[in-house]
Amino acid sequence: MYDAWKILVGLAIFLGLFTFAFWMNAGKAAPVPEPKIDTPEIKKMAVKQCVEDKEYMRTTHMQLVNVWRDQALRDGNREFINQKGEKYVISLQNTCLKCHSNKKEFCDACHNYTAIAPYCWDCHIVPPEEPKEEPREESKGNES
Amino acid sequence: MIEKALKGEPRYFMWLVFLMGIIGVGVGCWFYQLYKGLGITGMGRDISWGVYIAQFTYLVGVAASAVMIVIPLYLHDYKKYGKVVVFGEFLAIAAVTMCMLFIVVDVGQPQRMLNVLLHPTPNSILFYDMIVLCGYLIINIIVGYNCLLADARKLPHPGWVKPFIYLSIPWAVSIHTVTAFLYAGLPGRHLWLTAVMAPRFLASAFASGPALLVLVLLIISRVSKFDPGRDALQTIAKTICYAMIINLFLVGMEIFTAFYSNIPGHMHPLQYLFVGLHGHGKIVAWMWTAAPFAFIGVLLLLIPSARRHHGILAFACASIFLACWIDKGVALVIGGFIPNPFHRIIEYSATFPEIAITLAIWGIGALILTVLHKVAITVREEEAAT
Amino acid sequence: MSMDRRQFIKIAGMSALFGLGGKGAFEFLRPGALEASEHGHGVEYVPEEPAEVAKRWGMTIDVQKCGEPGVVEKCIKACHSTHNIPDFGDSKNQVKWLWQDDYEHTFAGNENSYMDDRVKELPFLCLCNHCDEPPCVRVCPTKATFRRPDGVVAMDYHRCIGCRFCMAGCPYGSRSFNWFDPRNALNQKEYNLDFPTRMKGVVEKCNFCVERLAQDKLPACVEAAPEALAFGDLADPDSSVRQILRKRSSMRRKLELGTKPSVFYLV
């Protein structure tokens, strides 16, 4: 083999760079997120439930939101009927965020963990979060 | 075969490094533009397309012009083009790539560009423009690469390439026709709303593209041992000359129709471009630079004794290239937006980042062209040596 | 079946080409059918017949009433605060949904050299004309702007790629591009929390208040100045706008372009 030495060094550098993400983060597993649902609006509910059941929302909320946006904006149909036959107004800002008024602790918890950045909030306004009983923002600031 | 681009004289690599420097500055500016928004350009709500789209329009023409070498060679068996045709095809590849990059930098949300495929919209001319540009790029890569590969191996050109060559002829016409339709189908923009837009685009393309090719070939014949052949250059020069005459004729048609009919909407953009309107005239100096260059270029190419002199040929081709660039790469797009729908005149001038990004894309085009032509030159030199 | 590398690449390439082109071909033959079938993916969705909607929404603007002090201003203010419209403070980057201009410029091309002084000075409210034959919809490469069955020309900001072809296509100057992030030009404390902002790099324009129409409300500008503006179904001969148009002479902008605007100026 010609230039075996050069090729091996090149390969080593390539492999090192290629696996950079793995060894850079080795041993630094982030804690599994626990999205919080302790908002005033949800606390008021007798039966705590979303527009569909929890499992469905956990796995399919992105598709649901995608369909919602086309339904509301493109087809002008702003009414959603879930599998149980209950009716909801299709609106991210006015339906989803009305209950889930804690974007930081709900949406962002998982989105940050899975390192995705949906651009919903470039346009849709996050309602100002009501001050908590125990403001812990400062002490927790370095975890995000 | 492409490895031939890796060996060269120091000045070849210095040229590449120089181009990469220009590209680097522009890429930096592009990141700035992505971060801040397109507001860092000179474009605004009234002049909503600027230098980017203008370059795109001009370069589609340069790309289409390869057909002016392909038709004589493959339809009329004009063998003297046999050695230069690949240079034309590689020029087309570089030009189409630049076109695509100019679209990318002009779009507000480039990360969503594939929406054009995800939500195909056959009533939009941009949809067809995307199809024809991608297709033309692929055709030219297939044809140029395979023909040159066969030459390098001293084999006859493979038969299966022939249909692609014939397909490239109407396809070249289609890319510039569709690009003209982007403009010619819009209501209320009088400068663009004209049936001769596509013919005029084609005529100016068949003048400016081959003019660039002649310039490139003249440079190549100086820096390498490849000789494109005197007759080939002279024939291209004649093509340029007649295409430019037709182009000027069509511009004359526009001016006649607008001014003899005396319809204000049709006259205003032309007045703005050539004499200024209501005291606004940023483009006037450009137009009066283009006009003499256009006529001098045509005149020099018409006179056989002048045309045969390589220095004069180069000057004439540079004049025509410049005149067409001012016409399509500056005036046409901006002039179409003036006056605005409220008959107000808002002028446009490009900003520094905008110009740096534009230069970077021209730099990328020059880089692609240099590398591809380097390969072609090496193949031709090896042919000549045996 | 054995396959060498060359054959494999050929077949793979051809299938990729057909895959890419196929959707376009499908769209050509049966427009909309493919997207409709995609909507249901993985989500149970029960569409319901929407409540009765107009066949074609339209607006009349009484220019004389607009001339009374404060009328135009309150319309514009209502629109801007409802839709979180940024104010960049310069004409280059300006975003406009509802604004005013004079007769000479609004009806450019129909200038009358011997215009009566009254009309010459009156303010004309300008907005998207919600054309029946909208050139912006015709040119959009992604269907980001589209005409709804009720005549409203709507924008899907999620889908807009920011090519600005619609701005070149619109003969009324009614479309605005977000040259910068609009949130930088908005006061966060004055956000209308019921309506989103936009992001940089997309085109926006007046939406005839579709979000209010869905709640059976009138557009914000009409609600702000009912004495000057009227809104209703142009297809219904008994609607408020049709009754007004029967009695008063009206004008529309640039009719010669065949766009069929839905906004009528009463002079």
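The numbers here are math on the coordinates, done by the rules we state, and not lab data. This structure is a prediction, so every number in the text was calculated from the model and none was measured. When we count neighbours, we look across all protein chains shown, and the Cβ atoms used for this are built from the backbone with ideal geometry, even at glycine.
A few comments on the model shown:
- Taking a Cβ cut-off of under 11 Å around residue C:56, the surrounding Lys, Arg, Asp and Glu residues balance to a net charge of +1, with basic ones at +1 and acidic ones at -1.
- Cleavage-rule hits, trypsin sites (Lys or Arg not before Pro), region C:170-267, DSSP coil, Cβ neighbours within 10 Å at most 16: C:217, C:248, C:252
- Hz values of 3J(HN,Hα) by residue in region B:205-219 - Karplus curve (6.51, -1.76, 1.60), Gly and Pro given as x: 5, 6, 8, 6, x, x, 4, 5, 4, 4, 4, 4, 5, 5, 5
- For region A:31-124: rounded, prolate or oblate by the Cα gyration tensor [a/c cutoff 1.5]: oblate
- Measuring spread by the Cα atoms of the protein assembly as shown yields a radius of gyration and Dmax of 30.2, 97 Å.
- Using θ = phi - 60° and Karplus 6.51 cos²θ - 1.76 cosθ + 1.60, couplings along region A:75-81 (whole Hz; Gly, Pro as x): 9, x, 9, 9, 10, 10, 10
- Amide N proximity, region A:78-101 versus residue A:46 label position 7 Å along Cα-to-Cβ, cut-off under 17 Å: A:86-87
- Formal net charge of residues neighbouring residue C:239 (Cβ-Cβ distance under 12 Å; K, R +1; D, E -1): +1
- Loop sites by DSSP among the chymotrypsin sites (Phe, Trp or Tyr not before Pro) of chain A, restricted to those with at most 15 other Cβ atoms within 10 angstrom, leave A:3-118 as the longest stretch without any of them.
- Likely footprinting exposure, B:204, B:305, B:224, fewest C-beta neighbours within 10 Å first: B:305, B:224, B:204
- Prolate/oblate/rounded label for region C:57-266 (Cα gyration tensor, a/c 1.5): rounded
- Taking other C-beta atoms within 10 Å as the exposure proxy, B:235, C:145 rank B:235, C:145 from fewest upward.
- Computed per residue of chain B from DSSP H runs no shorter than four, each worth -39500 (n - 2.57), the mean residue ellipticity at 222 nm is -24000 deg cm²/dmol.
- Order of C:160, C:126 under a 10 Å beta carbon neighbour criterion, fewest first: C:126, C:160
- Among the GluC sites (Glu not before Pro) found in region C:150-253, those both in a DSSP coil and sparsely packed, with 15 or fewer other Cβ atoms within 10 Å of their Cβ, are C:227.
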